[in-house]
Amino acid sequence: MIALDGPSGTGKSTVARRLATALGAGYLDTGAMYRTVTLAVLRAEVDPGDAAAVGQVAEDVDLRISTDPVDQDVRLGDESVSAEIRGQAVTMAVSAVSAVPKVREVLRLRQWRIIEDVCAVQGGIVVEGRDIGTAIAPDAPLKVFLTASADARALRRANQDAAEGRRSTLEATRADVERRDGLDSSRAASPLQPADDAVWLDSTDLDIEGVLGRILDLVDERG
Ligand code: C5P
């Protein structure tokens with residue numbers, strides 16, 4: 001199992017999917033799980049600041065996530081919400097929802113179950129998020145903390161938004177990336193934090209191939 005943590009815009013998701021594909025492993029995007037709970041909160045017209053109500057939505061949510069790195073899909077019940085969870089409404093509210101301890105508890109249990117099931121069937125999984133190396137899998141044999149400069153992260157997010165048809169400006173994207181990272185790093189429950197034994201990888205001057213190559217080298221070194 002490989003734990004891949006870091007702030008937004010580091011290329012984490014692309015690297016994690018490519019890595020899982022190269023290793024024949026499963027893939028879990030925990031950010032998509034927090035985003036889907038956030039969408040359910042917004043649809044239920046619950047105030048993201050109302051922790052009790054938000055926690056209840058998390059307990060009730062019918063969230064289905066694929067662990068195939070090539071064919072990613074997230075569903076709320078039968079409805080595919082993969083595109084909607086990347087939209088502005090969810091992105092604005094997700095850090096508040098993710099800071100609710102009950103939400104983290106519910107998703108932690110689901111993540112543990114998925115990791116166990118996928119490892120039993122496929123022998124391995126790449127899990128990406130903010131607290132994988134610290135809270136979800138502190139015993140993971142390889143933990144990578146992916147970083148990049150704020151400028152590089154804002155530019156990557158803006159390019160990704162443009163490629164997927166979402167309208168944004170570089171300034172607005174940069175402000176959002178910084179706002180979210182600030183909230184994610186400062187929350188009390190499982191903040192964005194590198195594990196003590198994580199390998200730091202700065203992707204500012206590396207492309208996806210470069211990052212992937214470095215992680216595959218680490219996998220080889222650790223047998
Ligand atoms: O990775 P992504 O940008 O999709 O994550 C969206 C949000 O989900 C993050 O900004 C963070 O608030 C939350 N998150 C989290 N813990 C994780 C993964 C994501 O709190 N393990």
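The values are calculated or read from the model by the stated rules, or taken from the named source; none is laboratory data. Predicted model, so just to flag it, every value in this text is computed and none were measured. Glycine also receives a Cβ, built like all others from the backbone with ideal geometry; neighbour counts cover every protein chain displayed. Accessible surface areas use protein heavy atoms only, side chains included; no ligands, DNA or RNA. Shrake-Rupley method; radii C 1.70, N 1.55, O 1.52, S 1.80 Å.
Points worth noting:
- Test set (1) surrounded by fewer than 19 Cβ atoms within 10 Å (Cβ to Cβ); (2) within 15 Å of the ligand (Cβ to nearest atom); (3) at pLDDT below 90 - L183 fails condition number: (3)
- Note on the stretch 15-56: residues that are β-branched (V, I, T), assigned to a helix (DSSP H, G or I) and either more than 25 Å from A89 (Cα to Cα) or more than 15 Å from the ligand (Cβ to nearest atom) (or both) total 2.
- Tally, over the stretch 12-44, of residues that are over 30 Å from D151 (Cβ atoms), open to solvent by less than 10 Å² (accessible area, probe 1.4 Å) and out of contact with any Leu (no Cβ under 8 Å at 6 or more places or on another chain): 2
Let's see how each residue does on (1) at pLDDT 95 or above; (2) open to solvent by 20 Å² or more (accessible area, probe 1.4 Å); (3) not β-branched (V, I, T):
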position	(1), (2), (3)
I2	yes, no, no
D5	yes, no, yes
T10	no, no, no
V46	yes, yes, no
V61	yes, no, no
S80	yes, yes, yes
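- Number of positions in the stretch 186-207 that are out of contact with any Pro (no Cβ under 8 Å at 6 or more places or on another chain), under 19 Å from A3 (Cα atoms) and either within 16 Å of the ligand (Cβ to nearest atom) or open to solvent by 70 Å² or more (accessible area, probe 1.4 Å) (or both): 9
- Evaluating C119 against the criteria (1) under 17 Å from the mean Cα position of the chain (by Cα); (2) assigned to a helix (DSSP H, G or I); (3) at pLDDT 95 or above leaves one unmet condition, (1).
- When residues of the stretch 92-103 are limited to those that are within 12 Å of the ligand (Cβ to nearest atom), of a type outside the set (G, A, S) and surrounded by fewer than 22 Cβ atoms within 10 Å (Cβ to Cβ), the one farthest from S190 (Cα to Cα): M92
- Only one of the numbered conditions (1) open to solvent by less than 20 Å² (accessible area, probe 1.4 Å); (2) within 12 Å of the ligand (Cβ to nearest atom) is violated by R153, and that is (1).
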